[in-house]
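Data block below; observations after.
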Amino acid sequence: MKNAKLWLVGYVIALGVVLLAPLASSSPDGLEAVAEEHYFSDKAQDPPFQIIADYVFPGIENEALATILSGFVGVTLVYALVVGLAYLAYRRVGARTATSHTG
């Protein structure tokens, strides 16, 4: 892929941001604050599944480290999925382009 270095730089930047995750505000975000202000936050439902619930990595006692590890796992999984799909799309378009030029 032509932009492999760009993809890698994006991944490294995302991992850098993950290191800052423990410094994030513990205050509710905008949507959560509005839900609490208008008394409908208790109607929220849990997601159908959770890979790493509440950004806490199982078995790690240090909360900051657990947050960083869960962020690392999440970023890496999403990165692998997106790069894999991009590679498949790139191969498919490349194969289609090659056959259209020869036929």
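The values are calculated or read from the model by the stated rules, or taken from the named source; none is laboratory data. Keep in mind that what you see is a predicted model, and the values were worked out from it rather than measured. For neighbour counting, all protein chains shown are included, and Cβ atoms are generated from backbone atoms with ideal geometry for every residue, glycine included.
Table for the structure above
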read-out: Flag for Val34 being surrounded by 12 or more Cβ atoms within 10 Å (Cβ to Cβ) and either out of contact with any His (no Cβ under 7 Å at 6 or more places or on another chain) or among the aliphatic types (A, V, I, L, M) (or both); value: yes
read-out: Helices (runs of 4 or more DSSP H) contained entirely in region 3-103, each with at least 3 residues that are among the basic types (Lys, Arg) and out of contact with any strand residue (DSSP E or B) (no Cβ under 8 Å at 6 or more places or on another chain); value: 63-102
read-out: Members of region 13-26 found to be within 29 Å of Asp42 (Cα to Cα) and in contact with a helix residue (DSSP H, G or I) (Cβ under 8 Å, 6 or more places away or on another chain), listed by number; value: Ala21, Pro22
read-out: Single residue of Thr97, Thr102 found to be under 23 Å from Asn3 (Cα atoms), among the β-branched types (Val, Ile, Thr) and modelled with pLDDT under 80; value: Thr97
read-out: Complete set of residues in region 27-73 that are within 23 Å of Val12 (Cα to Cα), at pLDDT 80 or above and in contact with a helix residue (DSSP H, G or I) (Cβ under 7 Å, 6 or more places away or on another chain); value: Ala64, Thr67, Ile68, Ser70, Gly71, Phe72
